1. For SER30, SER20, what's the fewest-to-most ordering of other Cβ within 10 Å of each Cβ?
2. Once you put a point 7 Å from the Cα of THR14 and another 7 Å from the Cα of ARG58, both along the Cβ direction, what distance in nm separates them?
3. Which net charge results for the neighbourhood of THR59, defined as the other residues with beta-carbon distances under 12 angstrom from its beta-carbon, given Lys and Arg at +1 and Asp and Glu at -1?
4. Subtracting the Cα-Cα distance from 0.36 nm times the residue separation, let me have the gained length for SER42 to ASN5 in nm, one decimal.
5. Find the relative contact order for the chain and round it to a whole percent, using C-alpha pairs within less than 8 Å whose residues are 6+ positions apart.
6. Enter the angle in degrees (range 0 to 90, nearest 10) between the Cα long axis of helix 31-44 and the first principal axis of the Cα atoms of the chain, meaning the one along which they spread out most.
7. Only helical DSSP H runs with n ≥ 4 go in: add -39500 (n - 2.57) per run for the chain, normalise by residue count and round the 222 nm mean residue ellipticity to 500 deg cm²/dmol.
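What follows draws every value from the coordinates through simple rules; no lab data is involved. Treat the numbers as computed from the prediction; the structure is a model and nothing was measured. Because the Cβ atoms are built from the backbone with ideal geometry, glycine has one as well, and the counts that use them run over all protein chains shown.
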Amino acid sequence: MLAENPAVAEQGITVVRRDSVLVLHGEVESPHRREEILRRVSERFPDVPVTSDIGVIRTQAPTEIEQLP
């Protein structure tokens, strides 16, 4: 559902059912994208609680030099 929808086209999200809850895992490029995914899954399964473990990753190049020990 998430990969085939052109508005989302997200392949990196894993959905796991734990007891009576759907838990979404993965990383996306923006908070807006995470909210859109949660909205669509909640609409698709209205009677199932949905919880998110979706992180937002940085999509632009770093602005600082990483110092290694």
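1. Going from sparsest to densest Cβ surroundings: SER20, SER30.
2. 2.5 nm
3. 0
4. Difference between extended and current length: 11.8 nm.
5. The value is 29 percent.
6. Its long axis makes an angle of about 10 degrees.
7. -6500 deg cm²/dmol
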